[in-house]
Amino acid sequence: MVSPAVDCIGTGSSVECLVVDEESGTGADSALAQGIVEWAVLVSPFFFWGTAMVAMKEVILRAGPFFVSAFRLIPAGFMLIGFAGIRGRKQPSGNLAWLSILLFGVVDATCFQGFLAEGLQKTSAGLGSVIIDSQPLTVAILAALLFGESIGLVGAAGLALGLIGLLLLEVPAFQENGFTIWGSGEWWMFLAAQSMAVGTVMVRWVSKYSDPIMATGWHMVIGGLPLLAVSVLNHDPAVSGGLKELTSSDVAALVYTSVFGSAVSYGVYFYNATRGSLTKLSSLTFLTPMFASVFGFIYLGETFSPLQLAGALVTVVGIYLVNYKEAGEKT
């Protein structure tokens, strides 16, 4: 066996040493490979969330919106609960723990996924993802009102730009004949963003009484049950004998949405959140609409109008400014 060589280089008052394994290559090669893997793990939740939007839109007409929402939540929730149990995390206990999870489930799971599914029927996956990922704007306002967090001048400018961008995204819908706000996919996506924002703020309260991973799993299961009930009452195709009509691609889209678009993505996101910079992690939110737009264009032929593209860019800049303000405070 060949022993690895050590090459040390003086850099000012310190010394940097590079271990070279003559059998497997240099330490630099190993570090590069490790860096690529870590970056892929860091980015993967946003890739899964963006592509899950495309997968949901593709199958939602044949399976039904509320069935797809319930299927995304319930199996994924049980997966997270099982994972948390294996890792030795405690089950919620006490009335306050279950009450907080129940309310969290209604807001962040039932409302969010229900609004998202309704909106996906009337707008593109890419555009919908931009609107949903505008939720940091609302989080900034709620955090200022509830927790006294300072928005600052840069953050305020970001909020203003974000609002202008969202209005630009809605203009094409306003111009359509017979426009109604409840018939607008952009409006439903906006409601989904608000639900997600309130849910994000609720996490602090929920985490006081329950393990956050276990609470996330249970809030998915609890939040998915009303959607399943609505799916039955709404006679969604998948629950009224239409499951046999689903193709293998439809089933794969459903499984992908639940396993990767929820269970794996949330699990990896929480893993990253416990070991790295939250500011860096939150800044990668911008990747979700990018992935949704690219894959929506490739697989569904979706495109943005010039005005929608301008609105999307203005919204993204606004969100960036809000995150930039937060980064400046934390460093």
**Asked** In whole Hz, what ³J(HN,Hα) sequence does segment 79-94 give by Karplus (6.51, -1.76, 1.60; θ = phi - 60°), x for Gly and Pro?
**Response** 4, 5, 4, x, 4, 5, x, 4, 7, x, 7, 7, 6, x, 9, x
**Request:** Give the calculated FRET efficiency between Ser44 and Ala160 to the nearest 0.05, with a Förster radius of 30 Å applied to their Cβ-Cβ distance.
**Result:** 0.35
**Sorted by Cβ neighbour density within 10 Å, fewest at the top, the residues Val201, Val43, Val68** = Val43, Val201, Val68
**Request:** Quote to one decimal, in nm, the extra length available between Leu233 and Phe78 on full extension: 0.36 nm per residue of separation minus the C-alpha distance between them.
**Result:** 53.4 nm
**Request:** State, to one decimal in nm, how far the label point of Gln121 lies from the label point of Trp205, with both points 7 Å from Cα in the Cβ direction.
**Result:** 3.0 nm
**Fill in**
With 0.36 nm assigned to each residue of separation and the Cα-Cα distance removed, Leu243 to Leu96 gains 49.0 nm
**Request:** Could you list Ile74, Ile132 in order of exposure, starting from the residue whose Cβ has the fewest other Cβ atoms within 10 Å?
**Result:** Ile74, Ile132
**Asked** Got a sec? How would Ile60, Ile164, Ile131, Ile213 order by Cβ neighbour count within 10 Å, fewest to most?
**Response** Ile164, Ile213, Ile60, Ile131
**Request:** Once you have the Cα-Cα distance between Leu284 and Leu225, take 0.36 nm times their residue separation minus that, and quote the gain in nm to one decimal.
**Result:** 18.2 nm
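No lab work stands behind these numbers, since they all come straight from the coordinates. Quantities reported herein were computed from a predicted structural model and do not represent experimental measurements. Every residue, glycine as well, gets a Cβ built from its backbone with ideal geometry; the counts of neighbours run over all protein chains shown.
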